[in-house]
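**Q** The structure that follows is given in the form of C-alpha cells.
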Amino acid sequence: MSNSMTFKNLPPAVCLPWDVKAKELGEIKGDADLIKKEWETLDMFGYIYIWYWVQR
Amino acid sequence: MADVAKLAEERKKRYLAAMNLEKPDRVPIRLNFSGEFISKVAGYTFQETYYDWNKNIDATRRMLAKIDGLEMVMGGANLWWATLHDAVGARYLKFAGRDLDENTMFQYVEDAYMLPEDYDDFIENPTEWVATKFLPRIHAELDEPGTYRATVGLIKGAYGLANQLAAGGQGMASYQQEFGVVPSVTGVSKAPFDTLADTLRGLSGIMMDLYRCPDKLKKAMEVLVPHNIFYGMATAQGDTEYPLFMPLHRGAYPFMKMDQWVEFYWPTLKAVIEGLWAAGKRTLFYAENIWTPYLEKIAELPDKSIVFHVDQTDMDKAYKVLGGRFCLSGNVPNSLLAFGKPEEVKDYVKGLLDKYARDGGFVIDAGAVILDDAKEENIVALIEAVHQYGVY
C-alpha cells in the first residue's frame, strides 16, 4: 500500500474534508453550519473539475 | 410559445412512456448527433464549432431550424471546447484547425497515462492521485506544478469548464424554448473498467493488467464505483426523469473473453447502474458495437433500470432476452445513414418498428453516434418513416 497520498479513501464530492479545514480555522464565531455547507458545495465543484478530465 | 411548450411536453411524455415500457402515441425519435454532423448541417467548419463556443451552441439551433421533426438533443454540438484544452495544454487531443484540417474530426491520442505502478496511490485516494499525478502528466501547461504557467493553466482550466457548462445549460434551455425539444439524457458516467481503460491505462495497458495485476485492477474498479455513481448524479444535477448517458466501450465483444467480462467488466458496471437506480436514475446503456454474448448477464439488472441501446448487437436476441423488462433503442445502421438511399432507410425503419416496437418500450435511434458522413436526406427519411409507421 502506498503512503504518498495526503488523504486516504476520500469519498466522492470531497477534495479537502471540512473536518480538516475546520481544525485549521479554529474557533468559528458565527454560523459554523453555513460555512461548512458552502465549503462543501465549492469543494464538490472542485471535485467535479478534477474528475472531468478522467470521465470525459 | 405556448405551442412550443406543448410540443416539448408531448415529446417528454412520449419519451418517458417508452422508457417505462408503455405505448406512447408513437415511437419517440432520439437521434444522437455528433458535433461534426451538426456543424456540417449548420454550415460551420469543424474548427469554428470546436473553437467558438457561441457557434457551437448556434450550430444545434441551426440544425433544429433546418430539420423538421427532431424531438431531442444531447446539448450543444461538440463535446469539446478546444480552447479549454489549449489552456491546459492537453496532450491527448488533436483538433481541427490546429493540428488537423479545419474539417477533420478531433483525434484522441490514447496512451497509458496512468502506469501500473500508480495503482496503489490511485486505490488509496483516486481524487488526489488524479489532481496531483494525472493532470500534470496529460497537460503540458501543468508540467511544473507551482510555477506561474502551471498555476495560470489550472485557473484557466477551471474557469473555462465553468463557462462551458453554463453556456451549454443556457443553450439547452433555449433549444427547448425555441423548438420544443427535450434532453435525450442528463448526466454522464462510465463503467469503472472504461474509466480506467479510456483515459487512464489505455486499451493495451488494461489488457496487460488483466493478466499482470488483476487484483489491483479489481480493487481500483471497486474504488471507482461510488465515484462513478456520484459523478453521474452530479452531472445530471440531480435529475431523475431523463436517463443518464453511459457510453460503453471496452466491454464490447470481443475485447474480452466471456469469463473475463464476467469477472472484470460486469460486477462494477452492475454496481454503478444499481447505485444510480437506487437514487432513481435510469441509465442509457449505450452499448456500442456488439454485446450479444452478454445479454443474459445484463438481464440481471432491475426491471426498467436501463434503456438498452442496440448498435450491432443481435436485435432479435436483445428483444427476446431484454424486451418487456427494459426499453430498447436503436438500431438504424450508421452505414445505412451514410451510404444508403432514403427509401432504404425507410424500409429498415419500418422493419424495426414492425418487429420490435409493436408492444411499446422502443425508441428509434441510429446504432451509434451519427457522424458527418450521414446524409441529411436519410435523417429526414428516418423521421418520416417513424411518423408513417410508428404511430400506435
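The values are calculated or read from the model by the stated rules, or taken from the named source; none is laboratory data. The structure displayed is predicted, hence computed values, not measured ones. Virtual Cβ from ideal backbone geometry, glycine too; neighbours counted across all protein chains shown.
**Q** For region A:42-53, indicate whether the set of residues that are modelled with pLDDT of 95 or more and either assigned to a loop (DSSP other than H, G, I, E, B) or exposed (fewer than 10 other Cβ atoms within 10 Å of the Cβ) (or both) is non-empty.
**A** No, there is no match, as no residue in region A:42-53 is modelled with pLDDT of 95 or more and either assigned to a loop (DSSP other than H, G, I, E, B) or exposed (fewer than 10 other Cβ atoms within 10 Å of the Cβ) (or both).
**Q** Filter region B:360-373 down to the residues that are within 18 Å of the chain's Cα centre (by Cα) and more than 20 Å from B:Pro183 (Cβ to Cβ) and list them by number.
**A** B:Gly367, B:Leu371, B:Asp372
**Q** State whether the residues of region A:31-39 include one that is under 10 Å from the mean Cα position of the chain (by Cα) and exposed (fewer than 15 other Cβ atoms within 10 Å of the Cβ).
**A** Within region A:31-39, none of the residues are under 10 Å from the mean Cα position of the chain (by Cα) and exposed (fewer than 15 other Cβ atoms within 10 Å of the Cβ).
**Q** Have a look at B:Pro267, B:Pro254, B:Pro243 and point out the one that is closer than 25 Å to B:Asn32 by Cβ, over 18 Å from the mean Cα position of the chain (by Cα) and either crowded, with 19+ Cβ neighbours inside 10 Å or not basic (Lys, Arg) (or both).
**A** Just a single option satisfies the conditions, and that option is B:Pro254.
**Q** I need every pair where a residue in region B:26-54 that is closer than 21 Å to B:Lys350 by Cα has its Cβ under 6 Å from the Cβ of a residue that is basic (Lys, Arg), sequence separation at least 6 or different chains.
**A** B:Pro28/B:Arg14
**Q** Run down B:Ala162, B:Ala158, B:Ala140, B:Ala166 and say which single residue is of a type in the set (A, V, I, L, M, F, W, C), within 14 Å of chain A (Cβ to nearest Cβ), surrounded by fewer than 19 Cβ atoms within 10 Å (Cβ to Cβ) and touching a Lys or Arg at 6+ places or on another chain (Cβ under 9 Å).
**A** B:Ala140
**Q** Take B:Asn125 and tell me if it is buried (at least 17 other Cβ atoms within 10 Å of the Cβ), over 28 Å from B:Ala166 (Cβ atoms) and not hydrophobic (A, V, I, L, M, F, W, C).
**A** yes
A quick yes/no check of all residues on (1) without any contact (Cβ under 8 Å) to a residue 24 or more places away in the chain; (2) closer than 30 Å to B:Gln388 by Cα:
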position: B:Ile57; (1), (2): no, no
position: B:Leu64; (1), (2): no, yes
position: B:Ile67; (1), (2): no, yes
position: B:Trp81; (1), (2): no, no
position: B:Leu93; (1), (2): yes, no
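**Q** Can you work out which of the residues in region B:43-66 that are over 14 Å from B:Phe179 (Cα atoms) and among the polar types (S, T, N, Q) is surrounded by the fewest Cβ atoms within 10 Å (Cβ to Cβ)?
**A** B:Asn54
**Q** Looking at the structure I just gave you, is A:Lys21 in a helix (DSSP H, G or I) and either within 14 Å of chain B (Cβ to nearest Cβ) or not β-branched (Val, Ile, Thr) (or both)?
**A** yes
**Q** Follow-up question, since we're still on this one. Across region B:316-350, which residue is surrounded by the fewest Cβ atoms within 10 Å (Cβ to Cβ) among those that are under 20 Å from B:Met19 (Cβ atoms) and in contact with a Lys or Arg (Cβ under 8 Å, 6 or more places away or on another chain)?
**A** Top of the filtered list is B:Arg325.
This table checks each residue for (1) more than 30 Å from B:Arg26 (Cβ to Cβ); (2) assigned to a loop (DSSP other than H, G, I, E, B); (3) at pLDDT 95 or above; (4) not charged (D, E, K, R).
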{"position": "B:Arg61", "(1), (2), (3), (4)": "no, no, yes, no"}
{"position": "B:Ala65", "(1), (2), (3), (4)": "no, no, yes, yes"}
{"position": "B:Gly69", "(1), (2), (3), (4)": "no, yes, yes, yes"}
{"position": "B:Gly76", "(1), (2), (3), (4)": "no, yes, no, yes"}
{"position": "B:Trp80", "(1), (2), (3), (4)": "yes, yes, no, yes"}
{"position": "B:Thr83", "(1), (2), (3), (4)": "yes, no, yes, yes"}
{"position": "B:Asp86", "(1), (2), (3), (4)": "yes, no, yes, no"}
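**Q** Which pairs turn up if I take residues in region B:113-136 that are farther than 19 Å from B:Leu154 by Cα and at the interface with chain A (Cβ under 7 Å from one of its Cβ atoms) and look for partners that are surrounded by fewer than 20 Cβ atoms within 10 Å (Cβ to Cβ) and of a type in the set (Phe, Trp, Tyr) with beta carbon separation below 9 Å, at least 6 apart in sequence or on another chain?
**A** Within 9 Å, the pairs are B:Glu124/A:Phe7; B:Asn125/A:Phe7.
**Q** Hey, B:Lys190 hits all of (1) assigned by TED's automatic domain parsing to the domain that holds B:Val109; (2) closer than 20 Å to A:Ile50 by Cβ; (3) not aromatic (Phe, Trp, Tyr) but one; which does it fall short on?
**A** (1)
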